[in-house]
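Trainee: After the structure tokens below, expect a handful of questions from me.
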Amino acid sequence: MKISTKGRYGLKAMLDIAVYSSSENVTLKSVSERENISEKYLEQIFSALRKNGLVNSKKGAQGGYTLSKSMSKITVGDILRVLEGDLLVVQEDETEKDIMDKCIQKNIWDKLNSSINSIVNSITLEDLFYEYNKETNPEYIYYI
């Protein structure tokens with residue numbers, strides 16, 4: 001499994017929205033300029049995100065995008081599954097069904113799939129937001 005540019009840019013754009021939407025809607029043009037991602041590509045990404053209920057859009061002069069729910073309620077897994085589909089190393093239907101294949105599926109592929117999904121479901125947009133702020137404002141980090 002390899003995460004495509006769509007998935008990587010989608011995560012980056014969602015984090016951008018989280019960082020910059022606290023007081024206003026965020027335009028795709030501003031995301032495009034800050035993140036150096038084509039505005040046309042962002043339109044495709046945000047169309048999928050909007051259709052799947054992760055962002056809200058508003059048209060007009062004060063238009064743009066906001067998160068549809070709290071950052072703590074949106075996981076990396078939610079975003080990646082919208083943009084990439086199922087996060088599987090090997091689909092079960094891609095393997096033959098003899099005993100050896102079943103053994104490999106159960107002991108390797110199913111465990112890898114489960115681990116990947118567990119990790120991406122445990123990281124929220126709020127976690128990424130916190131880490132971003134830690135990196136951009138290092139003077140606020142306290143060491144004990």
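Trainee: Would you say Leu15 is part of a helix (DSSP H, G or I), touching a residue at least 24 places away in the same chain (Cβ under 8 Å) and either in contact with a helix residue (DSSP H, G or I) (Cβ under 7 Å, 6 or more places away or on another chain) or closer than 28 Å to Ser118 by Cα (or both)?
Mentor: yes
Trainee: Of all residues being of a type in the set (Val, Ile, Thr) and touching a Lys or Arg at 6+ places or on another chain (Cβ under 9 Å) in the range 34-74, which is farthest from Asn121 (Cα to Cα)? Just the residue, please.
Mentor: Only one residue tops the list, namely Ile37.
Trainee: Pull out all pairs, ordered by first then second residue, where Cβ-Cβ is under 7 Å, the residues are six or more apart or on different chains, the first lies in the range 98-127 and is closer than 30 Å to Ser68 by Cβ, and the second is polar (S, T, N, Q) and at pLDDT 95 or above.
Mentor: Val120/Thr75; Asn121/Thr75; Ile123/Thr75; Thr124/Ser72; Thr124/Thr75; Glu126/Ser72
Trainee: Can you find, within the range 80-127, the residue that is nearest to Val55 (Cα to Cα) among those that are assigned to a loop (DSSP other than H, G, I, E, B) and polar (S, T, N, Q)?
Mentor: Selected residue: Gln91.
Trainee: Still on this structure, I have one more. Only one residue in Gly77, Gly60 is more than 21 Å from Asn133 (Cβ to Cβ) and part of a helix (DSSP H, G or I), so which one is that?
Mentor: Answer to the selection: Gly77.
Trainee: Filter the range 11-57 down to the residues that are β-branched (Val, Ile, Thr), under 21 Å from Glu131 (Cβ atoms) and crowded, with 18+ Cβ neighbours inside 10 Å, then identify the one that is modelled with the lowest pLDDT.
Mentor: Taking the range 11-57 as the starting set, the residues that turn out to be β-branched (Val, Ile, Thr) are 17, 19, 26-27, 31, 37, 45, 55.
Cutting the leftovers down to under 21 Å from Glu131 (Cβ atoms) gives us 17, 19, 26, 31, 37, 55.
Of the ones still in play, those that are also crowded, with 18+ Cβ neighbours inside 10 Å are 17, 26, 31, 37, 55.
Values: Ile17: 96, Val26: 92, Val31: 95, Ile37: 96, Val55: 95.
This residue is Val26.
The values are calculated or read from the model by the stated rules, or taken from the named source; none is laboratory data. Remember, predicted model here, so these are calculated numbers, not experimental data. Don't worry about glycine lacking a Cβ; one is built from the backbone with ideal geometry, like all the others, and counts go over all protein chains shown.
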